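The values are calculated or read from the model by the stated rules, or taken from the named source; none is laboratory data. Keep in mind that what you see is a predicted model, and the values were worked out from it rather than measured. Don't worry about glycine lacking a Cβ; one is built from the backbone with ideal geometry, like all the others, and counts go over all protein chains shown. Only protein heavy atoms, including side chains, enter the accessible area calculation; ligands, DNA and RNA are left aside. Shrake-Rupley method; radii C 1.70, N 1.55, O 1.52, S 1.80 Å.
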Amino acid sequence: MGRSLFWRLLRRSLTVKRPQAALAICSVLVGATVASMLLNLYGDARRKMTQEFRAYGPNVVLVPGDSMGAPGQAASGVMNERVMDRLAPVVQRGKGFAAVPSLYVVMRLSKATAPDDHTPLPDPENVVAVGTDFRALSHLYPSWRIQRGASGGAAPTCGIGSHIAAQIRLRLGDSVQLDTIASGSSQSTTFRIANILSTGTAEDDQVFVPLASLQSMSGLAGKVSVVEMSVPGETAEIERGIGELNQSLSGIPGIELRPIRQIVYSAGRVLDTIRWVMLSLTALILIIIALCVTATMTAIVLERRKDIAVMKSLGANDRLVMRLFLTEGVTMGLIGGFGGFALGLVLAHAMARQLFNVSLTPTWWTFPLVCFASMMLAGVATLFPVEIVRGIQPARVLRGD
């Protein structure tokens, strides 16, 4: 049998009076559609869930070894700011790594200008002053709600928590004065309020000023209380990142790198659960589809017993006829895979919009995976039926036995 005749027979077997072929393609199409939909939903859900967990803030902190303070509270110890030099090679790789140093000092806060209605100034309040890069820190906490004022002005700017701002009757653009309360020293600096933040946590009672200003006021030049870090990825990736950070910090005594395990492992458990649910459902559906394709291909082979007998009588051997049917099955799998991926992508986009109210970002690596899996499924499902070819005797079949 020539090559051109082989491909002509393949084309006719797929197009001429073959409802069984259409049924097999539809079966593969259903399986590919479900696989494409679930895989695209999982791939995008993984990205979206990782972004959602970032809203809880940093997942790793670097603190002095004797410090039991948490971010957002005045720490009992400080460490040298030069630890940032050790972290720089890891952070500068990008890929979502971020590290922001902060210094926590208790200061006295007061309103610097009298109200327009000449009412008495509110009493000063003791607050936790946070010396940091406010813009960089707010990127670590996407859930913070921040009111931003106009930029510019001669005075240095600060951010202030909404609760303490309401308590002292402060608004954007007002000036505040920070005074040290440590014994034996007294320094004060005036800041203009450029940001008011609302978090629902301890930050609502804090004031955020440039790190260098607070270091100078408190006499802690070159010192920080904590370095808050965001290490991207799932649990295993975060642990590898922490390992790299530990290597970078090796040899520096008196510091401790602590993962915030509630965030790290909660994210990991959720993503692992989603992964196994998606993969289990996909595997189960593909097994069912494989059984359907096997039954359909068996019917196709039995229906074409006379065609097989004629091909054998004309000199075609069992191997060639079996290759024809296997190629037919793989081709049907490829057609079903193409169509199923496109249909699954549409359904995944609609489901993401309907259930999660988000726009789906296609996961393109699933395209070759779905197409290859569909071809393999159809090919494997055809292996059993084509064994029937060996038992077909041309003389008996053509006599009608």
Checklist entry - Being under 30 Å from R82 (Cβ atoms), part of a helix (DSSP H, G or I) and at pLDDT below 70, is that true of even one residue in the range 245-259? => result no
Checklist entry - From the set of residues in the range 378-401 that are open to solvent by 30 Å² or more (accessible area, probe 1.4 Å) and among the hydrophobic types (A, V, I, L, M, F, W, C), which is nearest to S36 (Cα to Cα)? => result V380
Next on the checklist: Looking at the range 73-96, can you tell me whether even one residue there is crowded, with 20+ Cβ neighbours inside 10 Å, of a type in the set (G, A, S) and modelled with pLDDT under 85?
Outcome noted: yes
Next on the checklist: I want to confirm something. Restricting to the range 97-121 and keeping residues that are in contact with a Lys or Arg (Cβ under 9 Å, 6 or more places away or on another chain) and loosely packed, with under 14 Cβ neighbours inside 10 Å, which single residue is modelled with the highest pLDDT?
Outcome noted: L121
Checklist entry - Going by the structure shown, is V310 over 17 Å from A22 (Cα atoms), open to solvent by less than 60 Å² (accessible area, probe 1.4 Å), modelled with pLDDT under 85 and of a type outside the set (K, R)? => result no
Checklist entry - When the range 158-178 is examined, which residues are found to be more than 34 Å from the chain's Cα centre (by Cα), crowded, with 18+ Cβ neighbours inside 10 Å and within 9 Å of A194 (Cα to Cα)? => result D174
Next on the checklist: For the range 179-213, give me each residue that is part of a helix (DSSP H, G or I), under 18 Å from R135 (Cβ atoms) and open to solvent by less than 40 Å² (accessible area, probe 1.4 Å).
Outcome noted: E203, L211, S213
Checklist entry - Tally time: how many residues in the range 336-375 are hydroxyl-bearing (S, T, Y) and either over 20 Å from the mean Cα position of the chain (by Cα) or in a helix (DSSP H, G or I) (or both)? => result 2
Checklist entry - How many residues are part of a helix (DSSP H, G or I) and either open to solvent by less than 50 Å² (accessible area, probe 1.4 Å) or closer than 13 Å to V30 by Cβ (or both) if we restrict to the range 288-307? => result 13
Checklist entry - Can you tell which of A309, A373 is under 23 Å from A32 (Cα atoms) and out of contact with any Ser or Thr (no Cβ under 8 Å at 6 or more places or on another chain)? => result A373
Item to check | Unmet requirement for S374, which otherwise passes all of (1) over 27 Å from A299 (Cβ atoms); (2) buried (at least 20 other Cβ atoms within 10 Å of the Cβ) | outcome: (1)
Next on the checklist: Tally up the residues in the range 214-224 that are assigned to a helix (DSSP H, G or I) and within 16 Å of L140 (Cβ to Cβ), please.
Outcome noted: 0
Next on the checklist: Just the residues that are open to solvent by 20 Å² or more (accessible area, probe 1.4 Å) and in contact (Cβ under 8 Å) with a residue 12 or more places away in the chain, please, taken from the range 313-322.
Outcome noted: S313, L314, G315, D318, L320, M322
Next on the checklist: Going residue by residue through the range 225-238, is there one that turns out to be at pLDDT below 85, acidic (D, E) and either open to solvent by 30 Å² or more (accessible area, probe 1.4 Å) or in a helix (DSSP H, G or I) (or both)?
Outcome noted: yes
Checklist outcome for this item: Restricted to the range 123-135 and to residues being at pLDDT below 90 and surrounded by 14 or more Cβ atoms within 10 Å (Cβ to Cβ), the residue nearest to S225 (Cα to Cα) is E125
Checklist entry - Only one of I168, I146 is out of contact with any Gly (no Cβ under 6 Å at 6 or more places or on another chain), modelled with pLDDT of 90 or more and not small (G, A, S); which? => result I146
